[in-house]
Amino acid sequence: MGTLSLPEYTNLPEDCKNLRTAFKGLGCNEKRVIEILGRRTQAQRMEIARAYQTVYSQSLHKRLKSAFSGKLEKALLLWMMDAAERDAVLLYEAIRGTGSKCDRALIGILCTRTSAQLFLIKQAYYTMFSETLENHISGVDTCAADFHKTKWAFWRSTDSRKIEFRERLPSITKLLLALVRGNRPENTDIDRHIALNDAHQLNKVCMGRTGSEDTFIHIISTRSTAQLLATLNYFQQHYGQEFEKALKKERWGELEGALQVAVQCFRQPAKFYAEELCVALMGFAMDDDTLIRVITTRAEIDMQYIKLEFTNESKRLLEEVIAIDTSGSYRLFLLTLIGHGEVGLYSPSNTAGSASFFSASSSSRHQSNVSVASSRSSDHN
């Protein structure tokens, strides 16, 4: 269940006119832009962009890029992309990144999209970057395309540095490529004989009796979500522990972590994303890239469940943490997408530079966080 709050009535020409008015003058009316674009569905946003181009002979995306900057600019541009194009950009950035955080982002996207969606993502990726997603994951860039000449040239600045793709462990690359192929059926039918056999095969590999990492990768990348969950249930019933715990005991190195992430994405996707948000918001330094990625991709899908899992994990409301740790129009946009919930109305900032809430039921709880928040709150630039 998504958290997007839609108005009772929308008018396409009026939306375009109001956006045009918001862009005029010495400064952009950021609040008005957010009120419009932050409360429209994917289909409605695409219609607005097309109509704006037709009526004013100007790209709405380029207009947004010129009017906004920093974190808010990135969040708005991602929000205004087609879902497949947005995922393609996020995959591109994760491939170029380093560390387990980027690998988690890659696996999270690939495991929570259907085979049909992955097909569209791969098409969009090739259109945008003139190279296949598989080649970039493998570290190959045969075309060396100039991204600045593509449809989404506005996404990047004039940075002309050579594109580089880091090398990953062969086992991680193998898993990612298997997931990219999109060979997982989308039906909900379960073959219990296959599920039981897969459970036995997984146990044999975990115990080091037979098979290899290829067995893990094949089962995870070619079974439907329902089929894989049946296999995991059989595994626990027959061997007295969850597959993830059995995997951890044998210490498969970095592949173990990747497989753990993949299994969690199939088993509990909302919990996976909630944990991503917990780390992004409550780590040593706030990770805006992860925050933006999760909210812009899940707000229309399952953000309501993610918020519940976030509260279970952190004992705090997601909107509460975002309202305290962000500021200005950036905060307004994020809260517009996820819903204000119990936090309710808030002032842009108080004298300490943190959120000031008017929700009587939660004001006492926020008071203790003000001094901490002031050191981490930043503007949308």
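The values are calculated or read from the model by the stated rules, or taken from the named source; none is laboratory data. Every value quoted in this text rests on a predicted model; they were computed, and no experiment measured them. When we count neighbours, we look across all protein chains shown, and the Cβ atoms used for this are built from the backbone with ideal geometry, even at glycine. These area figures cover heavy atoms from the full protein model, side chains too; ligands, DNA and RNA do not enter into them. Shrake-Rupley method; radii C 1.70, N 1.55, O 1.52, S 1.80 Å.
Tabulated values for the structure
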{"read-out": "Options Cys278, Ala258, Ala246, ranked by Cα towards positive dipole end of segment 209-341, top entry (Cβ charges)", "value": "Ala246"}
{"read-out": "Efficiency of FRET from Cβ geometry, Ser5 and Glu186, R₀ 41 Å, rounded to 0.05", "value": "0.90"}
{"read-out": "Net charge of neighbours whose Cβ lies under 13 Å from the Cβ of Ser171, counting Lys and Arg as +1 and Asp and Glu as -1", "value": "-4"}
{"read-out": "Computed label-point distance, nm, for sites Val55 and Ala116 using a 7 Å Cα→Cβ extension", "value": "3.2 nm"}
{"read-out": "Portion, in percent, of the accessible area of segment 171-276 that falls on carbon or sulfur, probe 1.4 Å", "value": "45 percent"}
{"read-out": "Segment Asn135-Glu167, extension gain: residue separation times 0.36 nm, minus the distance between their alpha carbons", "value": "10.3 nm"}
{"read-out": "3J(HN,Hα) from dihedral phi, segment 323-332, Karplus parametrisation 6.51/-1.76/1.60, rounded to Hz, x for glycine, proline", "value": "5, 7, 8, 10, 8, x, 5, 4, 4, 4"}
{"read-out": "Span from the segment 203-243 Cα centroid across to the segment 75-117 one, whole angstrom", "value": "26 Å"}
{"read-out": "Exposure of Phe119 as accessible area (Å², to 10), given a probe of 1.4 Å and all protein chains", "value": "110 Å²"}
{"read-out": "Nearest-0.05 FRET efficiency for Arg39 and Leu12, computed from C-beta distance (R0 22 Å)", "value": "0.95"}
{"read-out": "Mean Cβ neighbour count within 10 Å, used as a protection proxy, ranking 70-76, 96-102 highest first", "value": "70-76, 96-102"}
